[in-house]
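Heads up, the thing below is written out as structure tokens.
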Amino acid sequence: MTSVALLTSGGDGPGMNAALRAAAQTAGARGVAVVGVRDGYDGLMDGRFVPLGRSATGTDGFDSNALDFVARQGGTVLGTARSERFRSPEGRARAAEQLKQRAITGLLVVGGNGSLTGAHLLARETGVAVMGVPSSIDNDIGCTATCIGVDTALNTIVEACDRISDTARSHRRAFVVEVMGRQSGYLAMAGAVAVQADAVVFREQQRAPETLVAAVADVVRKAFTERGKRRVLILKAEGVEVPTMRLVQLVEEAVKPVLPDLEIRGVILGHLVRGGNPSFLDRMVAARLAFAATTALLEGASDEMVGWQSPVTGGITTSDASVRRFPLEMVLAETARLLDGTSPVTQRRVGLMSKVEGVLQL
Ligand code: F6P
């Protein structure tokens, strides 16, 4: 293989740049030319490539040596997109043609579920050699214990909730803090334990709205009337269908008879948890995943994703004991099970949370 292209796709995350840098270094060390693709699959279909690597000079204003120091930087220096056009076979064929015209025979995709689905279809339909690196703050990708961006997102959630707890305690208030995660409650679950939340609500609990309101109201009521707490913090995953401000209003109404003066506030962290410089763990995981994926790509692998300390059996071992390669078809099937709750991984996570729920309220 004489030339590979790197692209970042879907929701960005802290650590993507560390993956790009490691991939460029790995390929460069083997004398393979490296190009970057601007703005994910959209840039791939439109032929927006920039040279990367040790000696290339930047074009299109892109400093190819910028990768030297971007591992510490959040976001993705190449840009990313959620590409509707790439969902069509015609779009994928156009992408393959762009690569062929430049004699690029390998593509590394750093992204989440939608991006890895596109990578799988591209490989299957066009024969382009594609390797996937899991990047999603939601931690909603199968065959990997974590994804690029998750650890930094959790650290951001801890920092934000510590700050919110300071003011909540001062005013003797309850807060409902919503965190991202799309259909996965992982950030809310893991974050709740770390921030000493009094309760956590996430889609996988499958609670009806009225049951959800009653459960949260009960936690709030007991905390203030029976345990004299000065702060109550409820972590809520964005996948829960009751809107956060509506939940705040309903809980406030439910506890008013016994807590007429209690103020409850809602905070939606939103895209805050997507930004920031990557943590040590995200930089380390990103670099090792990208190294293994690029090495495999250069050795002829395709239509696979590299997973970190995978919680499922199988896969192909790599030179890194923490990294195994899985067929993208298997990854996407396990991802679907993660999200529909039939995966043992989801069942273990939800089961653990239900065991600690009583402890959370202490
Ligand atoms: O998939 C990552 C994620 O941050 C989700 O948690 C969130 O629901 C979604 O992306 C937001 O998408 P966008 O950045 O396109 O608004």
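A short reminder: the numbers here are calculations on the coordinates, not readings from a lab. This structure is a prediction, so every number in the text was calculated from the model and none was measured. All Cβ positions, glycine included, derive from the backbone under ideal geometry; neighbour counts span all protein chains shown.
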Exercise for the section: Rounded to the nearest 500, what is the 222 nm mean residue ellipticity of the chain from helices alone, with -39500 (n - 2.57) per DSSP H run of 4+ residues and division by all residues? Expected result: -14000 deg cm²/dmol
Handout entry: Ranked by how many other beta carbons lie within 10 Å on average, peptides 252-262, 203-213 from highest
Key = 203-213, 252-262
Exercise for the section: At 4 °C and 1.567 mPa s, grab the translational diffusion coefficient of region 131-257 from Stokes-Einstein with a Kirkwood Rh over Cα pairs, rounded to a whole number in µm² per second. Expected result: 85
Completion exercise
Over the Cα atoms of region 186-283 the radius of gyration and the largest Cα-Cα distance (Dmax), both in Å, equal 14.7, 50
Handout entry: Relative packing of 345-358, 265-278, which averages over residues the other C-beta atoms within 10 Å, highest first
Key = 265-278, 345-358
Exercise for the section: Calculate one ³J(HN,Hα) per residue across region 286-298 by plugging θ = phi - 60° into the Karplus curve 6.51 cos²θ - 1.76 cosθ + 1.60, and present them in order as whole Hz with x for glycine and proline. Expected result: 4, 5, 6, 5, 5, 4, 5, 5, 5, 4, 5, 4, 5
Practice task
Run the numbers on region 152-275 and let me know its relative contact order in percent, using alpha-carbon pairs under 8 Å that are six or more apart.
Solution key: 40
Handout entry: Inverse mean reciprocal Cα-Cα distance (Kirkwood Rh) of the chain, Å
Key = 21.3
